[in-house]
1. For region 133-221, run through the trypsin sites (Lys or Arg not before Pro) and keep only the ones in DSSP coil with at most 11 other Cβ atoms within 10 Å of their Cβ.
2. Per the helix-only calculation at 222 nm, which mean residue ellipticity applies to the chain, given -39500 (n - 2.57) for every DSSP H run of n ≥ 4 and division by its residues, nearest 500 deg cm²/dmol?
3. For region 1-107, which trypsin sites (Lys or Arg not before Pro) are both in a DSSP coil and crowded by at most 14 other Cβ atoms within 10 Å?
4. Cross-link list 34/74; 2/64; 64/113; 113/368; 34/100: which exceed 21 angstrom alpha carbon to alpha carbon?
5. Relative contact order for the chain: what percent, with Cα pairs under 8 Å and sequence separation of 6 or more?
6. Compute, for the chain, the length of the dipole vector about the Cα centre, with Cβ point charges of +1 (Lys, Arg) and -1 (Asp, Glu) only. Units Debye, rounded to 20.
7. Where does helix 243-252 land angle-wise versus the long Cα axis of the chain, in degrees 0 to 90, nearest 10?
8. For region 16-131, what does the alpha-carbon gyration tensor say about shape, rounded, prolate or oblate, given a ≥ b ≥ c as the root eigenvalues, a/c under 1.5 as rounded, and a/b over b/c as prolate?
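The values are calculated or read from the model by the stated rules, or taken from the named source; none is laboratory data. A quick note: this is a predicted structure, and the numbers were derived from the prediction, not measured. A quick note on method: Cβ atoms are made from the backbone with ideal geometry, for glycine too, and the neighbour counts reach across all protein chains shown. Accessible surface is based on the protein model in full, side chains and every heavy atom, while ligands, DNA and RNA are left aside. Shrake-Rupley method; radii C 1.70, N 1.55, O 1.52, S 1.80 Å.
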Amino acid sequence: MKALAGIRVVDFTSMIAGPYCTRLLADCGAEVLKIEEPHGDHMRTRPPLRHGHSAYFGHLNAGKKSVVLDLKSKEGRCAAQGLVANSDIVVENFRPGVMKRLGLDYAMLSAAKPDLVYCSISGFGQIGPRAGQPAYAPVVHAASGFDHTQFTYQDDQAKPAKTGIFVADVLAAVYAFGAIQTALVGRLRHGGGQFIDVALMDSMINLLVFECQEAQFPEKTRRPLYVPMRARDGFVIVAPVNQRNFEQLADAVGRPDWKSDPRFATVAARTANWDALMAAVEDWTAARTARDCEDRLMTAGVPCSRYLTVAEAMADPQLAARGSLARVTDGAGAFRVPNPPFQFADSSVGVGPSVPALGADTEEELKKISGRKP
């Protein structure tokens, strides 16, 4: 029995943050009804496409049901209210104010269902001077200081880096997923529902643990940074975080003298001379293949990795051993999707096996509420 079996979710989300949150709920056994406009979630059209089916969309929406409703119509809104009346959770990621205009906000829906758990995900949150501003993950990366921090950590870079990995979306999704679980526990223990306000901006600020404190109490010197080191055929990263790691590193690269070198012998000394230490380690890595560096250092107990492509990482035997990737099927065939990064001993958590076609469950789900009056 999956942990969330019997929990029903009405999912008004699209794009990435909301759909990933509700997919995690589905992974844990919840029945998720993905509400889509007649033309479908925009992500259905995004590459990579195989015979018109988006693996990107499938990654975010496997294991759900698809119900098509026109929320601009009275009939569509009434149907949505009927679905919520028979459900436990609502998740939405419209711009603040949209759900209220549709008559589908927490105040309206919880009046008829007081134990409703309702989660809103937005760029800047539901209140405050920026609440109504449009925001996608790249905008929030810039607004939160994340991009600027990464820029200051680089050497000889003229401007902040391009954005292609939407950290804010995934992070907000995970926070929303956790908040919903907390609200469900609260409902179980104390009764009543809950309104949850998750902001991508707040999520990114929470990611910047050191940086938030350093912004208040600036240091005179830059913190040690872990840098890519050249190997003969690529790059590796080496992370001698603690004293033991450093001593293991010194022995592994044939430089036991480093352990008594006043520049490196203590944490404080290494911090002051970090760039010199990294340069000395790179002299060793540059003469070897990346795989040889990784094998030697990891065997010695020193954290080290080659820089892999995503395809190479997905082929890592470690992922196969853990069952980290699931086989999912849509109208174009099978593809692989990462399972949640947490595993239950009874194997009850995992990505659903199929991706819903647009509106595939509309008729069945609307029949269940056909007797409901507006």
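1. Working: sites: 162, 187, 189, 220; in loops: 162, 220.
Of the trypsin sites (Lys or Arg not before Pro), the ones in loops of region 133-221 whose Cβ has at most 11 other Cβ atoms within 10 Å are 162, 220.
2. Details: 17 runs with 150 residues, N = 374.
Per the formula, -11000 deg cm²/dmol.
3. Details: sites: 2, 8, 23, 34, 44, 50, 64, 65, 72, 74, 77, 100, 101; in loops: 2, 64, 72.
In loop regions of region 1-107 (DSSP not H, G, I, E or B), the sparsely surrounded trypsin sites (Lys or Arg not before Pro) are 72.
4. On the way: 34/74 19 Å; 2/64 15 Å; 64/113 23 Å; 113/368 17 Å; 34/100 19 Å.
Flagged as over cut-off: 64/113.
5. On the way: 608 pairs, mean separation 73.7, N = 374.
Answer for the chain is 20 percent.
6. Dipole about the Cα centre, nearest 20: 700 debye.
7. Long axis of 243-252 versus the principal axis of the chain: about 60 degrees.
8. Values: a/c = 1.58, a/b = 1.44, b/c = 1.10.
Prolate, since a/c reaches 1.5 and a/b exceeds b/c.
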